[in-house]
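Report on one structure; see the data block that follows.
The values are calculated or read from the model by the stated rules, or taken from the named source; none is laboratory data. Worth saying up front: this structure is predicted, and the values here are computed from it rather than measured. All Cβ positions, glycine included, derive from the backbone under ideal geometry; neighbour counts span all protein chains shown.
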Amino acid sequence: MKSPRSKKNQHPCLEVRNSKIHGRGVYARLLIPPRTQIIEYTGEKITHAESDRRELLRQKKKSKGKRSDIYQFELDDKWYIDGSKNGSIARFINHSCEANCTPHLRGNRIWFFSNRTIQVGEELSIDYGFDFAVWEENPCRCGTSSCIGYIVRKNIRWRVKKKLQKTT
């Protein structure tokens, strides 16, 4: 993977640096108004089957203690965009339970838009929208007041809360 400082990964109003949430994050270099189209999520277009194959390889690496980040974004029910292959810095945008950006599909392209004003130096974030079936595999470190400790789609977080209450 290329360094986030490579020319290809430069952006006029964003920068990549270490994140308190996870690994690297994307930060605003300028004030970003609400409803602003910020950046496109780019990369290699792959099928769901190829995504599954790459996920198995990632899990194998992880089991051996190797770095195993994943940069795949579901485009639709047939395709993913793998940001680790020719991807923009958008691949470093982390999850937050109080996300300040939202992905929007425009044709077969994914664009991130601001939900609200994003301050200079603030980390950009989206809701990764993971399903209930995988909540235990995805701990959340966003640290927001509404965080339940796991990355799961906002409209089903209540199910995780209920499950966690039963175990205590």
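Quick notes
- Out of A99, A133, one residue alone is over 18 Å from E44 (Cβ atoms) and exposed (fewer than 13 other Cβ atoms within 10 Å of the Cβ). It is A133.
- Residues being closer than 16 Å to I21 by Cβ, among the aliphatic types (A, V, I, L, M) and at pLDDT 95 or above - total across the range 114-168: 3
- The residue list S6, S51 contains one member that is over 20 Å from F130 (Cα atoms), among the hydroxyl-bearing types (S, T, Y) and either modelled with pLDDT under 95 or touching a helix residue (DSSP H, G or I) at 6+ places or on another chain (Cβ under 8 Å) (or both), which is S6.
- For the range 19-31, a residue qualifies if it is over 15 Å from I126 (Cα atoms) and modelled with pLDDT of 95 or more, and the qualifying residues are R29, L30, L31.
- Search result, residues across the range 23-60 that are of a type in the set (V, I, T) and farther than 13 Å from F112 by Cα: I46, T47
- Which listed residue, of I70, I46, I21, is assigned to a loop (DSSP other than H, G, I, E, B) and free of Cβ contacts under 8 Å to residues at least 40 places away in the same chain: I70
- Entry remark, the range 113-146: residues being without any contact (Cβ under 8 Å) to a residue 40 or more places away in the chain, assigned to a strand (DSSP E or B) and over 15 Å from the mean Cα position of the chain (by Cα) number 0 in total.
- Condition check for R159: surrounded by 15 or more Cβ atoms within 10 Å (Cβ to Cβ), charged (D, E, K, R) and not in a loop (DSSP other than H, G, I, E, B): no
- Taken over the range 49-67, the residue count meeting the criterion of being within 18 Å of the chain's Cα centre (by Cα) and either part of a loop (DSSP other than H, G, I, E, B) or not polar (S, T, N, Q) (or both) is 5.
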